[in-house]
Amino acid sequence: HQHQQQQKQKQKQHQEQKQKQSPQLLPFMLLLVMLTLLTRPLSAFSNRLSDTKLHEIYLDDKEIKLSWMVDWYKQEVLFHLQNAFNEQHRWFYLGFSKRGSLTDADICFFENQNGFFNVVTDTYTSPDGLWVRKDYQQDCEVFKMDEFTLAFKRKFDTCDPLDLRLHEGTMYVVWARGETELSLEDHHQFAMPNISSPHEAGMKMMQLLRADKILIPETDLSTIDITLKQAPVPAIETTYWCHVQRLDQIIKHRHHIVQFEPIIKNPHIVHHMEVFHCETDEHDEIPLYNGDCDQMPPKAKVCSKVMVLWAMGASTFTYPPEAGLPVGGPGYNPYVRLEVHFNNVEMQAGLVDNSGFRIKISKTLRQYDAAVMELGLEYTDKMAIPPGQQAFPLSGYCVADCTRAGLPSNGIIIFGSQLHTHLRGLRVLTRHFRGEQELREVNRDDYYSHHFQEMRTLHYKPHVMPGDALVTTCYYNTSADKSAALGGFAISDEMCVNYIHYYPATKLEVCKSSVSEETLENYFIYMKRKEHQRGIHLNGARSANYRSIEWSQPRVDQLYTMYIQEPLSVQCNKSDGSRFEGHNWEGVAATPVQIKMPIHRKLCPNYNPLWLKPLEKGECDLLGECIY
């Protein structure tokens, strides 16, 4: 009995000691899980943690594998690198850059000294990228480093002005490795080390702070391919190619789309793709077609309800387990239209393309029907961006009257978002308003790149109610332009769109805006008569009028003020292109949006005690935000 009492006392003490240590052990436990997942077969883990928590990419596309796990609770990321080192290489660095260059970059250097891979140095680079400086605050915390691999962690926000915050937008991860010994701890500044081969350095765009991966619970999956059929690519810069296809007999029964994967045959010319369903009677025959969208048969114009979409940089998209995009069943027309935007910059002749989508469908229906909605700006040359601008903002409004007309009483849940501009886009965000209150943003990418337009699963899933307003703002760099850039479909024109995936499905498919016709007419009258812009013709083309203006800063300010204050033309459209009834959508007041400087360092009361210039601070835009 006395022995049993002693054993119980020891177990109690052990348990108390374990509870005291558990907070400190949590990072190490996460690392242990991460390392175990990387070295043991997936089938050995019943919880399948690796399938959802672990993200992976090859930095050099073949050997150097970066894996990471996001700890949202502790606000930090655990990194693991395989094959970072080998017999020749004595150092490796991994860092974060604002837009992919080595200027004002935040870099962790890992070194082998005296035969041991045991030195890590937190550094930052000079504005010209030629010098590396040791950071006064060391934030690269190593767990493991040997002759082949390394593991370390970084907080989302280190409260260090010489670090770049990890965020949910596009991040530019830079890396390199080399052979010479650096001895960084002995120097506060040194020249950026030379790279012996271009294959030993690089940059990858990625979303580091990404939502967990989604598993498909259903096993009764079928596949549908919707692709072009030997489409001859015209030898011109911009072509929208349309392919009308009849779906297989399987869609006689109702299914849910649970995943879609792009099939890209010519990645250097395919800019973006969309599949539209033909919203008409199930017995209507749509002519099969494979040609320029401008020459498409009129009967195919009903093929306008968005099903799936892709743009440069995007990959496979998986729906959350509670929702799927409905396809098939009684009353469902079997025809779809695939639209592919060819951006043939070099105007190559003789190209043939078979790009499209591979779609996975399940006959097991999920709780909610999902749908796609377009937010942002109407595709029109009513909107313009003056030349010579660092970051000129244009906003598209999904106004409260439109969500009140188109959304159900319980609202919708947004679970996916794809931001889209053409070549000049720098930054895109969608803000969420309920009356005078601004709620958490739907999506934001401060370092947007048109080369990396992912359809992103959202970690935070906004709940949008009837009467809410959604304002999508795109910032554009026109410093290389000599005349105004216009909205439109060509790659040389501009767009501002947020394609949101949401549930439950509604009839509202387009919630966008542009400046009203009357406002624009009055603007050109003012510019001609008061600003003496003689190139403007009051009955002439809008594009020619915009491009004839001799731009000065006051005229840029006038244009911006007009766009944010004057009435709108609103597209509050159903999938057939018709507007919701009961409202006059011309001359609608813009949603009042306060211009607020973002406060990023809420948890850093002693941020920047030495008054250093933060790495994030760059060129300033019209509103004074300096993150470019």
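The values are calculated or read from the model by the stated rules, or taken from the named source; none is laboratory data. None of the values given here were measured: they were computed from a predicted structure. Neighbour counts are summed over all protein chains in view; Cβ atoms, including those assigned to glycine, are modelled from backbone coordinates with ideal geometry. Just so you know, the surface numbers come from the protein's heavy atoms only, side chains and all, with ligands and any DNA or RNA stripped out. Shrake-Rupley method; radii C 1.70, N 1.55, O 1.52, S 1.80 Å.
Descriptive notes on the structure:
- The share of alpha-carbon pairs in region 218-258 lying farther apart than 11 Å comes to 76%.
- Phi to ³J(HN,Hα) by Karplus 6.51 cos²θ - 1.76 cosθ + 1.60 over region 336-344, Hz, x for Gly, Pro: 9, 10, 9, 10, 10, 8, 8, 10, 8
- With a threshold of 32 Å on the Cα-Cα distance, the over-threshold entries among LYS65/LYS512; LYS363/LYS574; LYS382/LYS530 are LYS65/LYS512.
- Dividing the helix sum by the residues of the chain, where each DSSP H run of 4 or more adds -39500 (n - 2.57), gives a mean residue ellipticity at 222 nm of -4500 deg cm²/dmol.
- Computed from label points 7 Å out along Cα-Cβ, the spacing between GLN249 and LYS461 is 3.7 nm.
- For GLN571, the residues whose modelled amide H falls within less than 5 Å of its own, excluding neighbours fewer than 5 places apart on the same chain, are LYS512, SER513, SER514.
- Protection-proxy order for peptides 318-327, 466-475, each taking the mean of Cβ atoms within 10 Å per residue, highest first: 466-475, 318-327
- For region 411-569, diffusion coefficient by Stokes-Einstein and Kirkwood Rh (Cα), 37 °C, 0.692 mPa s, µm²/s: 186
- Where the Cα pairs of region 54-206 fall when distances are cut into 5 Å bins, in %: 2, 9, 20, 25, 24, 15, 5, 1, 0
- When the alpha carbon gyration tensor of the chain is reduced to an equivalent ellipsoid, its three semi-axes come out at 44, 33, 26 angstrom, largest first.
- Only protein heavy atoms count here; on that basis, with a 1.4 Å probe, TRP551 has an accessible area of about 50 Å².
- The alpha-carbon positions of region 221-366 define a convex hull whose volume is 96 Å³ per residue.
- Between LYS265 and VAL593, the contour length at 0.36 nm per residue exceeds the Cα-Cα span by 113.8 nm.
- With N as its number of residues, region 373-461 has a Cα radius of gyration that, divided by 2.2 N^0.38 Å, comes to 1.20.
- Folded to 0 to 90 degrees: helix 2-39 orientation relative to the chain principal axis, Cα: 50
- Convex hull of Cα atoms in region 342-401, direction-averaged projection (nm²): 9.7
- Taking Lys and Arg as +1 and Asp and Glu as -1, the other residues whose beta-carbon sits under 10 Å from that of THR457 total +2.
- Degrees between helix 517-529 axis and first principal axis of the chain (Cα, 0 to 90, nearest 10): 80
- Point-to-point label distance, CYS159-GLN230, nm (Cα→Cβ direction, 7 Å offset): 6.7
- Each residue, GLN437 and ASP128, gets one label point 7 Å from its Cα in the Cβ direction; the gap between the two is 5.3 nm.
- Taking the C-alpha atoms only, the angle from helix 553-565 to the longest principal axis of the chain is near 80 degrees.
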